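Each reported figure results from applying straightforward, stated rules to the coordinates on display, with no laboratory input. Remember, it's a predicted structure, so these values are computed and weren't measured experimentally. All Cβ positions, even for glycine, are placed from backbone atoms using ideal geometry, and neighbour counts span all protein chains on display.
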Amino acid sequence: ASKKAGRNRFTYYERITPVDSERGYRLARQLPDAIVQEQLVLHFQPKVRLEDRSIVGFEALVRWQHPELGLIYPGDFIALAEEHGHIEALGEWVMLACCRQIAAWRMQGLDVRPIAFNVSPLQLRDCAFPLRLATCLQHYGVRGSDVEVEITESCLVEPVGVATRVLSQLQQMGVRIGLDDFGTGFSSLSQIRSLPIDTIKLDKSFVNELRSSKEAGVLVTSIITLAHNLKMQVVAEGVELMDQLVYLKTAGCDIAQGYFLSRPVTAQNAEALLRQSILEIA
Ligand code: C2E
Ligand code: MG
Ligand code: MG
Ligand code: MG
């Protein structure tokens, strides 16, 4: 990964802070209070339709505004939250904050496009997840179709039954479902074809390799074709360069997300982007 990507390049799978480190323990201990004290904040990264560069949605990404350590990225605390039993509380906060933001934008008359939030496999294992989301939507007067949940392939390993039921219930609520980091796990499109998945998000490692590897290009093109045949949309993650964008557009990719288009921004800056509606880039 490039140097300028900085700490943002870390994902769910690559944690920066080892869970058993001193700092890790301290963060994990502080997290429950941090949630209650509203030290968490959502940033929003636009999803851009390649056809016309319009913003078709945002992904909400959580950050921790730590009183002493400054802004901490999820690579530093999501895995900790999962291992220390705080991910339900964190996930609940993210869900609420997301719906609250949608309602606030709606109140200002902004045309809010679906906002996606990330859901941990641990949250999806809970049969009550759809009900909790439904309650949250109702509380803020937000429609199911205004949100999207991003799940990872690890949500789909055992027990698949629960995940399948939860996903179907979400679908019935009009909630869109995106499969994050596609290609890094073990599932193939044929395995997920029966699940109610609307969108697959091509992992940024593929996008990154487009420059150096012909095979990556071939793979990306075939995944896009196959996904379209299965009536799924394709979002490319981690687009950092103009030529990646051009390649993806030619390959028929629907939507892109990445630093080249916009970094994740504060709610206020996201609002400005919403008003502008079309990303003015190179
Ligand atoms: P993700 O869901 O795959 O989100 C994409 C990550 O890639 C974000 O990192 C984003 O800032 C970063 N990114 C976006 N464009 C580019 C690019 O062009 N180049 C590079 N190198 N990176 C880019 P972030 O915000 O640090 O989040 C990391 C991961 O943490 C997320 O990966 C997601 O798995 C997890 N996460 C974030 N927010 C939440 C949350 O509210 N709940 C849960 N359970 N997990 C979350
Ligand atoms: Mg995501
Ligand atoms: Mg992703
Ligand atoms: Mg990722």
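Side notes on the structure shown:
- Neighbour net charge for Arg193 - beta-carbon separation under 15 angstrom, K R +1, D E -1: -1
- GNM on the chain, alpha-carbon springs under 10 angstrom: the most fluctuating residue among Leu133, Leu248, Leu195 is Leu195.
- Burial ranking of peptide ranges 140-147, 160-167 (average Cβ count within 10 Å, highest at the top): 140-147, 160-167
- Rounded to 5, percent antiparallel among DSSP beta bridges of the chain: 45
- Cleavage-rule hits (chymotrypsin sites (Phe, Trp or Tyr not before Pro)) in the range 179-282: DSSP loop, at most 15 neighbouring Cβ within 10 angstrom: Phe186
- Candidates Arg23, Arg125, Arg176, ranked by Gaussian network fluctuation over the chain, Cα under 10 Å, top entry: Arg23
- Stokes-Einstein D in µm²/s, Kirkwood radius over Cα pairs - the chain at 37 °C with 0.692 mPa s viscosity: 170
- Stokes-Einstein diffusion for the range 35-144 at 20 °C, viscosity 1.002 mPa s, with a Kirkwood radius from C-alpha pairs, works out to 142 µm²/s.
- GNM remark for the chain: springs join alpha carbons under 10 Å apart, and the peak mean-square fluctuation among Ser213, Ser187, Ser154 falls on Ser213.
- Distance from the range 24-42 to the range 58-83 (C-alpha centre basis), Å: 8
- With the biggest extent put first, the Cα atoms of the range 94-147 measure 36, 18, 16 Å across the principal axes.
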